[in-house]
Amino acid sequence: MPRLTIDLAKIRDNTRLVTGSSAKFGIDIFGVGKGLCGLPEVARSMLAGGCAGIGDSRLENLKVLRDSGIDAELMLLRLPELSRAEEVVMYSDISLNSELSTLRALSVAAVRAGVSHGVLLMVDLGDLREGVWPDEFTQLVTETASLPGLRVWGVGTNLTCYGGVAPDDRNMNELLRLSRLAEECLGYELQVSAGNSSSINMLLSGQLPRGVTNLRIGEALILGTETLERTLIPGAHSDACVLTAEIIELKEKPSLPIGQLGQDAFGEVPTFVDRGVRRRAIVALGRQDVAIDGIKPRNPGATVLGGSSDHLILDVHDCPELRVGDALDFEVGYGAMLALATSPYVRKQYLNS
Ligand SMILES: *Cc1c(COP(=O)(O)O)cnc(C)c1O
């Protein structure tokens, strides 16, 4: 069975690297474990590495974290479903919001549950995912503040997710301008939650403007990468997650299929380069488990040729040492990790727990 090995000490080290830097600027880090299905072991490593709280996009994951005894602040990152307001106030301390109708439902649920629910109000600064438009922001702030059971916790934005918009001086200063307006309306200080792993370069180089107090960081803590250009953070581990799968066939075959070509198993018409007869391996892993473009064999001579639902085909001509039954290790990207973590066909295994 393929397995995903998660090195908890490496995630803790990566987290320390980021929190060590953010602390100098008065910025708290909420660790985001959604790329690994919100596993409590991963959340604990992030907390041990200095995170102030944990964020996740799924209520199901937050519930598991709470039930596992984690008592750090939990933040629901995806805007709540209006129909699940009761669960939102039960399993998260803070949720990201941009819809007044949802906020009204959260208010009713919070009053009923006897809790004060924190709200991070989101503004869209151009990436075009969640958030109200800046000119509607103060109205959302005042209306939210009037709802019982809710407490405006902060002002936030999310960048580099849908539109690929980078954080810069212009959008960061706009966020701070809006947070000051909101603070004037409310008469108390707010958290300013400026973004995700695409803010890492600005954070590490001290370029985030004063006034930013919070970042929600996932990928950088797990894979050690910033996400503007996906470069490795200096000193971070890139191999906290490693995929391992077994060779089930190893044969010499031509590199061109034989016969008339139609579509492949996924409705695409594949193309091939004739490199003659090559040694190829089939590994017990497929598109049902992982985005096959997002993995890279650690064995230097091996390359992924393609794959179907349950078979991954590699060129291993330059790896004469390999045998049927051997395990191959792969580095994983974020999308691949996300799918592997979700697949019930992939065993999860921890190192250094
Ligand atoms: C996923 C997510 C994050 C964390 O993103 P990374 O790129 O993994 O750091 C932060 N904020 C929101 C709203 C998210 O959905």
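The values are calculated or read from the model by the stated rules, or taken from the named source; none is laboratory data. Source: prediction; values computed, not measured. All Cβ positions, even for glycine, are placed from backbone atoms using ideal geometry, and neighbour counts span all protein chains on display.
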Exception for CYS161 within (1) modelled with pLDDT of 95 or more; (2) within 20 Å of the chain's Cα centre (by Cα); (3) under 22 Å from ILE27 (Cα atoms) falls at (1)
Among (1) crowded, with 23+ Cβ neighbours inside 10 Å; (2) out of contact with any Ser or Thr (no Cβ under 7 Å at 6 or more places or on another chain); (3) among the small types (Gly, Ala, Ser), there is one condition GLY114 misses while meeting the rest; what is its number? (1)
Scanning the range 89-107 for residues that are among the aliphatic types (A, V, I, L, M) and within 15 Å of the ligand (Cβ to nearest atom), the one farthest from VAL141 (Cα to Cα) turns out to be ILE94
Among the candidates SER57, SER83, residue that is under 16 Å from the mean Cα position of the chain (by Cα) and within 24 Å of MET122 (Cα to Cα): SER57
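If I filter the range 249-256 for residues that are among the hydrophobic types (A, V, I, L, M, F, W, C), more than 16 Å from the ligand (Cβ to nearest atom) and out of contact with any strand residue (DSSP E or B) (no Cβ under 6 Å at 6 or more places or on another chain), do I get at least one hit? Reasoning before the result, please.
Narrowing the range 249-256 to residues among the hydrophobic types (A, V, I, L, M, F, W, C): 250, 256.
Next, from what is left, pick out any that are more than 16 Å from the ligand (Cβ to nearest atom): 250, 256.
From the residues that got through so far, the ones that are out of contact with any strand residue (DSSP E or B) (no Cβ under 6 Å at 6 or more places or on another chain) too are 256.
Yes, because at least one residue in the range 249-256 is among the hydrophobic types (A, V, I, L, M, F, W, C), more than 16 Å from the ligand (Cβ to nearest atom) and out of contact with any strand residue (DSSP E or B) (no Cβ under 6 Å at 6 or more places or on another chain).
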Counting only strands (runs of 3 or more DSSP E) wholly inside the range 1-87, the ones holding at least 3 residues that are more than 12 Å from the ligand (Cβ to nearest atom) and surrounded by fewer than 22 Cβ atoms within 10 Å (Cβ to Cβ) are 3-7
Against the condition surrounded by 11 or more Cβ atoms within 10 Å (Cβ to Cβ) and closer than 30 Å to LEU190 by Cβ, how does GLY224 come out, does it pass? no
Residues within the range 268-316 that are in a loop (DSSP other than H, G, I, E, B) and under 24 Å from THR342 (Cα atoms), tallied: 13
How many residues does the range 194-247 hold that are near the ligand (Cβ under 8 Å from one of its atoms), touching a residue at least 60 places away in the same chain (Cβ under 8 Å) and polar (S, T, N, Q)? 2
Which residue pairs have Cβ atoms under 8 Å apart, sit 6 or more places apart or on different chains, and have a first residue in the range 102-118 that is of a type in the set (D, E, K, R) and a second that is at pLDDT 95 or above and in a helix (DSSP H, G or I)? ARG112/GLU86
Only one of ILE54, ILE29, ILE70 is of a type in the set (Val, Ile, Thr) and either on the phi > 0 side of the Ramachandran plot or in contact (Cβ under 8 Å) with a residue 60 or more places away in the chain (or both). Can you tell me which? ILE29
Output yes when any residue across the range 134-156 is within 20 Å of ASN201 (Cα to Cα), touching a strand residue (DSSP E or B) at 6+ places or on another chain (Cβ under 8 Å) and assigned to a loop (DSSP other than H, G, I, E, B), and no when none is. no
Quick check: is even one residue across the range 68-75 under 13 Å from ARG216 (Cα atoms) and over 16 Å from the mean Cα position of the chain (by Cα)? yes
Taking the range 1-30, which residues are of a type in the set (Ser, Thr, Tyr) and either touching a Phe, Trp or Tyr at 6+ places or on another chain (Cβ under 6 Å) or more than 30 Å from PRO344 (Cα to Cα) (or both)? THR19, SER21, SER22
Going by what's in this entry, would LEU121 be described as crowded, with 18+ Cβ neighbours inside 10 Å and within 18 Å of GLY31 (Cα to Cα)? no
Is one or more of the residues making up the range 146-153 in contact (Cβ under 8 Å) with a residue 40 or more places away in the chain and farther than 28 Å from LEU62 by Cα? no
Note on the range 245-263: residues surrounded by 13 or more Cβ atoms within 10 Å (Cβ to Cβ) and charged (D, E, K, R) are GLU246, GLU249, LYS253
Out of curiosity, is GLU143 within 14 Å of the ligand (Cβ to nearest atom), of a type in the set (D, E, K, R) and modelled with pLDDT of 95 or more? no
Taking the condition of being in contact with an Asp or Glu (Cβ under 7 Å, 6 or more places away or on another chain) and either within 14 Å of the ligand (Cβ to nearest atom) or within 17 Å of PHE30 (Cα to Cα) (or both), how many residues in the range 174-193 meet it? 1
Inside the range 125-140, can you point out the residues that are farther than 23 Å from VAL88 by Cβ and within 16 Å of the ligand (Cβ to nearest atom)? LEU125, GLY126, ASP127, LEU128
